[in-house]
Amino acid sequence: MKRITLTILLLTAVFAAEAQYFPIDTARLNNAYRSIISGERNIKTEMEFLEAYPTTWLEFYMTYSYVDDEEYDIEMSQLCTEHISTLFGLSHINDTIKCKKIVDLTIGMKESGECTGVYQDYLVGYILSNEELVLDYLSKLKKGHQMEFWQFCWSTVTECNRIHNFEELYRLNKHKYPEQMEISSTAFKYFYDGINYPNLLPHKEQEYKHKFIDRNHKKIFNGYLDSQED
C-alpha cells in the first residue's frame, strides 16, 4: 500500500512539473483588471492589481509567455498588452510605490516576444514624464542593477528610434544625476542596436515545433485515409 501511495505521489509530481505554471495569482490579477476596466477605478482596485502584477522579469516572462501548443493556456499572453497599459495607467497609487514596481520589474528584462516591445514603449514614456522620481529611486540601487535597467530601456526591441529619447534624458539630467547618466550612457552605447537577445527556451521551442509538426502530419494522414474511403 505504501509503495502504491509513493508511486502515485511521484507520478503526480512528474505531471505537475510538466504542467503550465504561473508564479503569480492570475485569478486575483484578472479580477482586479476587470474591476478597473469596468469603471471601478480606485485606490483599492488599483492596489490589488499592482500587488498581483509580476514583480520581477522572471515572473513577467513565466506569466505572459506564448507557446504554440494546444495544451497551453494562452489567455494570459493575450492579456499582456492590456495589463501593461493598466499598470502604467494606474493613477490612484502612490507615485513612489508605482515607480518601485516598474523599476524592479524592468531590471534584468530581455526581449522575448512576450509584449516586451510594448512594455519598453510605455517604460520610456514613463521615464521621460517622471525623470526625477525614477532617477532618484535608481540612485539608491547597486550600479549593476542600474545598468540592467538601462540596458533594457535602450536596447532596440522595437522599431522606435530611441536616440532622441536618450539625448533628451541625458541633456536634462547630466548635471543633477551625473553618475546615473554615465551608467545610462554606457548602456546606450553597447545596447542600442548592439545586441540580439537569444531565445530563452530554445529546447522547449524545438519540442513544441515537433509536436506541431506531428499533429499536422497526423491530420494530413487522417485526411488521406478519409479520401481513400470515399
### Task
Step through the table entries LYS143/LYS176; LYS140/LYS189; LYS110/LYS189, compare each Cα-Cα distance with 20 Å, and write down the pairs that go over it.
LYS140/LYS189
### Task
Work out how far the C-alpha atoms of region 32-172 reach from end to end along every principal axis, then list the three figures in whole Å, largest first.
47, 36, 26
### Summary
Expected unfolding gain across ILE43-ARG28 under the 0.36 nm per residue rule, minus the alpha-carbon gap, is 3.8 nm
#### Entry: Accessible area of region 40-132 divided out per residue, in Å², using a probe of 1.4 angstrom
44 Å²
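When the solvent-accessible surface of protein heavy atoms is calculated with a 1.4 angstrom probe, in what order do TRP154, TRP57 fall, highest first? Don't skip to the answer; put the middle values down first.
Values: TRP154 5, TRP57 30 Å².
In descending accessible area the options line up as TRP57, TRP154.
How high is the FRET efficiency between ILE97 and ASN196 when r is their beta carbon distance and R₀ equals 25 Å, given to the nearest 0.05? Before the final figure, lay out the partial values.
On the way: r = 35 Å, r/R0 = 1.38.
E between ILE97 and ASN196, to the nearest 0.05, is 0.10.
What is the ratio of the Cα radius of gyration of region 55-120 to 2.2 N^0.38 Å, where N is its residue count, to two decimals?
Details: Rg = 12.7 Å, N = 66, 2.2 N^0.38 = 10.8 Å.
For region 55-120, the normalised Cα radius of gyration comes out at 1.17.
The values are calculated or read from the model by the stated rules, or taken from the named source; none is laboratory data. Since this is a predicted model, take the numbers as computed values, not measurements. For neighbour counting, all protein chains shown are included, and Cβ atoms are generated from backbone atoms with ideal geometry for every residue, glycine included. Please note that ligands, DNA and RNA were not included when accessible areas were found on the heavy atoms of the full protein model with its side chains. Shrake-Rupley method; radii C 1.70, N 1.55, O 1.52, S 1.80 Å.
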